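Asker: Sharing a structure below in structure tokens format, with a few things to ask.
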Amino acid sequence: ASPPSGSSADSQLPITAPPPASGPLLTTNGAAHPSSSSSAGPNGASSAQTDPAHGLALTQIQLALTSLVIMGAWAAATDYAAIAKDGLWQGFDGVAVIAVVNSAVGGLTVAAVLRYADA
């Protein structure tokens, strides 16, 4: 039996996108494209995974040192005269110590929960 006039079997098929390419992307000389590595995301950007040889602790130390350099440069550029006159720790009293210790203990608590809650 043929389909009724005006509606063919071909017009009833859904339009689909071609399947995604599998395997590494190749350049014109046949070498693997840099964005096709296993650590790259779908848009070629590297993922947020840490190098297993170094670990997360080293990555966090690198980030902390980078922020210290940036913040130190900013403090020197904006408050050098006050720091030279009164010292770096001017105004750092007991309330500030409590705030810093509270933040540190909270961070360590979160780290412990994340590490041992999924054990």
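The values are calculated or read from the model by the stated rules, or taken from the named source; none is laboratory data. Being a predicted model, the structure only gives us computed values, none of them experimental. Positions of Cβ are backbone-derived with ideal geometry, glycine not excepted, and every protein chain shown enters the neighbour counts. Protein only, heavy atoms only, side chains kept; ligands, DNA and RNA dropped before computing areas. Shrake-Rupley method; radii C 1.70, N 1.55, O 1.52, S 1.80 Å.
Asker: Taking the stated definitions as given, is residue 95 open to solvent by 60 Å² or more (accessible area, probe 1.4 Å), at pLDDT 95 or above and within 23 Å of residue 60 (Cα to Cα)?
Answerer: Values: open to solvent by 60 Å² or more (accessible area, probe 1.4 Å): yes; at pLDDT 95 or above: yes; within 23 Å of residue 60 (Cα to Cα): no.
No, not satisfied.
Asker: Do we find that residue 88 is in a helix (DSSP H, G or I) and surrounded by 10 or more Cβ atoms within 10 Å (Cβ to Cβ) in this structure?
Answerer: Values: in a helix (DSSP H, G or I): no; surrounded by 10 or more Cβ atoms within 10 Å (Cβ to Cβ): yes.
Criteria not met by residue 88.
Asker: Say whether the condition of being without any contact (Cβ under 8 Å) to a residue 12 or more places away in the chain, among the aromatic types (Phe, Trp, Tyr) and assigned to a helix (DSSP H, G or I) is met by at least one residue in the stretch 102-116.
Answerer: Quick first cut of the stretch 102-116, residues without any contact (Cβ under 8 Å) to a residue 12 or more places away in the chain only: 102-116.
From what is left, the residues that are among the aromatic types (Phe, Trp, Tyr) are 116.
Next, only the ones that are assigned to a helix (DSSP H, G or I) stay: 116.
Yes, some residue in the stretch 102-116 is without any contact (Cβ under 8 Å) to a residue 12 or more places away in the chain, among the aromatic types (Phe, Trp, Tyr) and assigned to a helix (DSSP H, G or I).
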